[in-house]
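See structure below.
The values are calculated or read from the model by the stated rules, or taken from the named source; none is laboratory data. If you're wondering where the values come from, they're calculated on a predicted model, not measured in any experiment. Methodologically, a virtual Cβ is constructed for each residue, glycine included, from the backbone with ideal geometry; neighbour enumeration extends over all protein chains shown.
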Amino acid sequence: MAGEKPSVELCKGVNGLDKVVLRDARGSSAEVYLFGGHVTSWRTDHREELLFVSNKAIFKPPKAIRGGIPICFPQFSSHGNLEQHGFARNKFWIIDTDPPPFPSDSSSKTFVDLILKPTDDDFKIWPHSYEFRLRVALGLGGDLMLTSRIRNTNADGKPFSFTFAYHTYFSVSDISEVRVEGLETLDYLDNLKERERFTEQGDAITFESGVDKIYLSTPAKIAIIDHEKKRTFVLRKDGLPDAVVWNPWDRKAKAMPDFGDDEYKHMLCVEAAAIEKPITLKPGEEWKGRCVLYRH
Ligand SMILES: O=P(O)(O)OC[C@H]1O[C@@H](O)[C@H](O)[C@@H](O)[C@@H]1O
């Protein structure tokens, strides 16, 4: 497929929802739904899908799409007054045709810029004015780059705080054949034990039961090694100190209406996040959080 022209195309996805399809010159691609600013597909130049999306995913607003890369903002999980994982994943974003320049992002020409701003109704839920700019880009080697820029545009002088995650669902062959590297020996908050703090023991992270952990102060690079597929994902992040690792396993899978009973075997969420220390912005201030996914 080499030699194709890079393209960025707005078209209709499932249930007529708008999506943007990015294709690079070598044939790698990504798809982003305007609903949620939600990446639902990332494929190699051999058309191999790298993200997991449930066969039972409901592409019906306001329910967030199960799989891909939901954006959790301004609240990760259920800690806070807002709905689980905040509202950004349930909103319709628009294409930002005139974003402020990205100083360090000049290598990719295959990208889309989205923007989310609050409506009057949104103020009732979260009384802050903000501009959330999301750039989804395909790099020259087929890597997928997500950059979020969040600005406080409050006119009343008030700061705001938020937590954040790129809730990435990686597609894996078999969860029992997967190992995560980069998080061993770190402290984590266990969401299955009321966020009690523990220290990870052992040299490698493997999976034999449900996991829902927030690793703290993690390195910039995390690897997800799929032995069966002989495939490694590398996640690089910037501005996002924490990393969530989630797999619901069988019992929770059965309780989720938009997730197949056995699908937990074929996915693993590893999420670049800022959770333990919420980000606080004064009016006029901007925060940037970036996550780049590679496949080897
Ligand atoms: O079902 P949701 O709202 O998409 O959340 C899925 C999971 O997302 C994870 O990031 C959380 O750590 C889990 O606690 C949560 O169950």
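Brief remarks follow.
- Only one of I279, I275 that is under 25 Å from D190 (Cβ atoms), assigned to a strand (DSSP E or B) and touching an Asp or Glu at 6+ places or on another chain (Cβ under 6 Å): I275
- Cβ-Cβ under 7 Å pairs, at least 6 apart or on other chains, the range 152-167 side under 30 Å from V245 (Cβ atoms), far side β-branched (V, I, T) and more than 16 Å from the ligand (Cβ to nearest atom): S161/I279; S161/T280; F162/I279; F164/I279
- Among the residues of the range 215-231, those identified as in a loop (DSSP other than H, G, I, E, B) and either at pLDDT 95 or above or within 13 Å of Y188 (Cβ to Cβ) (or both) are L216, S217, T218, P219, A220.
- Members of the range 190-230 that are on the phi < 0 side of the Ramachandran plot, in contact (Cβ under 8 Å) with a residue 40 or more places away in the chain and of a type in the set (D, E, K, R): D226, E228, K229
- Tally of residues being within 18 Å of L116 (Cβ to Cβ) and surrounded by fewer than 19 Cβ atoms within 10 Å (Cβ to Cβ) across the range 128-143: 2
- When the range 199-211 is limited to residues that are within 15 Å of the ligand (Cβ to nearest atom) and not aliphatic (A, V, I, L, M), the one that is farthest from the chain's Cα centre (by Cα) turns out to be S209.
- Filter result for E48 (exposed (fewer than 15 other Cβ atoms within 10 Å of the Cβ) and modelled with pLDDT of 95 or more): yes
- Listed conditions (1) within 16 Å of the ligand (Cβ to nearest atom); (2) in contact with a Phe, Trp or Tyr (Cβ under 8 Å, 6 or more places away or on another chain); (3) of a type outside the set (D, E, K, R); (4) closer than 24 Å to I65 by Cα are all met by S171, apart from (1).
- Qualifying residue in the range 200-214 (condition: aromatic (F, W, Y) and assigned to a strand (DSSP E or B)): no
- Some residue of the range 223-246 being touching a Lys or Arg at 6+ places or on another chain (Cβ under 7 Å), within 16 Å of the ligand (Cβ to nearest atom) and among the small types (G, A, S): no
- The set of residues in the range 262-294 being away from the ligand (no atom under 14 Å from the Cβ) and either closer than 17 Å to F207 by Cβ or modelled with pLDDT under 95 (or both) consists of D262, K265, H266.
- Meeting the requirement of 1 or more residues that are of a type in the set (F, W, Y), the strands (runs of 3 or more DSSP E) wholly within the range 133-198 are 160-166, 169-171, 187-190.
- Scanning the range 140-185 for residues that are within 30 Å of A25 (Cβ to Cβ) and polar (S, T, N, Q), we see that the one that is farthest from the chain's Cα centre (by Cα) is S173.
- Residue in the range 83-105 that is within 30 Å of R195 (Cα to Cα), over 20 Å from the mean Cα position of the chain (by Cα) and more than 16 Å from the ligand (Cβ to nearest atom) present: no
- When the range 101-127 is limited to residues that are modelled with pLDDT of 90 or more and in a loop (DSSP other than H, G, I, E, B), the one that is surrounded by the fewest Cβ atoms within 10 Å (Cβ to Cβ) turns out to be T119.
- Taking each residue of the range 59-71 that is in contact (Cβ under 8 Å) with a residue 12 or more places away in the chain and looking for partners that are charged (D, E, K, R) and near the ligand (Cβ under 9 Å from one of its atoms) with beta-carbon atoms closer than 8 Å, six or more apart or interchain, yields K63/D258; A64/R89; I65/R89; R66/D258; P70/R89; I71/R89.
- Listed by first and then second residue, the pairs linking a residue in the range 258-271 that is among the basic types (K, R) to a residue that is surrounded by fewer than 17 Cβ atoms within 10 Å (Cβ to Cβ), with Cβ atoms under 8 Å apart and 6 or more places separating them unless they lie on different chains, are K265/D174; K265/S176.
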